[in-house]
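Participant: I'd like to ask some things about the structure below.
The values are calculated or read from the model by the stated rules, or taken from the named source; none is laboratory data. Bear in mind the structure is a predicted one, so any value in this text is a computation, not a measurement. Using ideal geometry, Cβ is built from the backbone for each residue, glycine included, and neighbour counts are taken over all protein chains shown. Ligands, DNA and RNA are stripped out before the accessible areas are found, and what is left, the full protein with its side chains, is counted by its heavy atoms. Shrake-Rupley method; radii C 1.70, N 1.55, O 1.52, S 1.80 Å.
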Amino acid sequence: MQVLRLFLAVTLVTAVAACSSAPTRTVARMPKNDEMPTGTQGVKRKVGTPYKVAGVWYHPKEDPYYDQTGYASWYGKDFHGKATANGEVYNMNALTAAHKTLPMPSYVKVTNLENNRSLVLRVNDRGPFVAGRLIDISRRGAQLLGFQKQGVTRVRIQASDEKGRVMRASGGRKTDVAETNPAPTASQGGNTEPATVSSETHFVQIGSFTDQDNATAQANMLRRSGHPARVQRQLKNGQAFWRVRIGPFARRVLAQDRLDQVVADGFYDARIFTEKAR
């Protein structure tokens, strides 16, 4: 019996030692809400090999100067908590995206050309495999870009780093100079600021209500978030409306800055309204 006990003790010590020396395996975690994941997230970066979906071949590749205009859609709860194409975990409330050919992970700056809002997203999935669409964005990304309700919007997609810095080409030659938030041209759907003083004023409007109490309640919510909202009465076809607005702003770029802050605080229906200066 003593020999048997000694054998079992030695076996147990050996097993414990083997477990303690075995390398630990990193498991990809689900990103937090509102997080744009960075780092490895427990998976290795990969470009990927050619693959075929519904009879169409796709060829992933490194493309640091990627710059395309097309349509974006978004995906949500049906994929929430499931593994992405590179082994990360999808959180519909984090800032990620799916693309057919860009490396995983990589980063893109996406600009909604309908309202000029921009957002940096981490590409960690493949798709969308629907004709005419370039990118699938998380639900939270769609909210911040202002197209969750409509489902699809026209966007500009630019390869970037995690801070949104885009690699630019110069004189027909590719350079290594990174430009932070480059000013888009009019043909790219951006805002161009005139050199002279404009005769227009700009407002960020968060809502329009037929009930004054509802308008006041929303204005108070905005004020608690640090936004100087005001309630303005308006008559239209004999009907009174109460608009919740911030402004006026002499330059549209200032209104855009405020709009970005308002949307980031969860007021996703905010829009810029431009009127003739009085």
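Participant: Do you know which of the residues in region 90-104 that are open to solvent by 20 Å² or more (accessible area, probe 1.4 Å) and not hydrophobic (A, V, I, L, M, F, W, C) is nearest to A131 (Cα to Cα)?
Facilitator: K100
Participant: So which of G189, G207, G247 ends up being modelled with pLDDT under 70 and open to solvent by less than 60 Å² (accessible area, probe 1.4 Å)?
Facilitator: G189
Participant: Say we look at region 222-243 and pick out the residues that are touching a Phe, Trp or Tyr at 6+ places or on another chain (Cβ under 8 Å) and open to solvent by 80 Å² or more (accessible area, probe 1.4 Å); which of these is farthest from L259 (Cα to Cα)?
Facilitator: Of everything passing the filter in region 222-243, L235 is farthest from L259 (Cα to Cα).
Participant: Taking the conditions exactly as written (out of contact with any strand residue (DSSP E or B) (no Cβ under 7 Å at 6 or more places or on another chain) and either part of a strand (DSSP E or B) or open to solvent by less than 70 Å² (accessible area, probe 1.4 Å) (or both)), does A217 satisfy them or not?
Facilitator: Judged against the criteria, A217 is a match.
Participant: State yes or no: is G87 in contact (Cβ under 8 Å) with a residue 12 or more places away in the chain and surrounded by fewer than 19 Cβ atoms within 10 Å (Cβ to Cβ)?
Facilitator: The answer is yes for G87.
Participant: Give the residue, chosen from A28, A54, that is small (G, A, S), open to solvent by less than 50 Å² (accessible area, probe 1.4 Å) and either at pLDDT 50 or above or under 25 Å from M92 (Cα atoms) (or both).
Facilitator: The unique qualifying residue is A28.
Participant: May I ask you to list the residues in region 117-170 that are assigned to a loop (DSSP other than H, G, I, E, B) and either open to solvent by 30 Å² or more (accessible area, probe 1.4 Å) or free of Cβ contacts under 8 Å to residues at least 24 places away in the same chain (or both)?
Facilitator: R126, F129, V130, A131, G132, Q148, K149, Q150, D161, E162, K163
Participant: Take the residues in region 67-114 that are of a type in the set (D, E) and either in contact with a strand residue (DSSP E or B) (Cβ under 8 Å, 6 or more places away or on another chain) or modelled with pLDDT of 95 or more (or both), then tell me which one is farthest from P50 (Cα to Cα).
Facilitator: E114
Participant: Counting only residues that are open to solvent by 50 Å² or more (accessible area, probe 1.4 Å) and part of a loop (DSSP other than H, G, I, E, B), which one in region 57-76 is farthest from R165 (Cα to Cα)?
Facilitator: This residue is H59.
Participant: Next up: Please verify whether D257 is surrounded by fewer than 14 Cβ atoms within 10 Å (Cβ to Cβ), modelled with pLDDT under 90 and in a helix (DSSP H, G or I), treating the condition exactly as stated.
Facilitator: Here the answer is yes, as D257 does meet what is asked.
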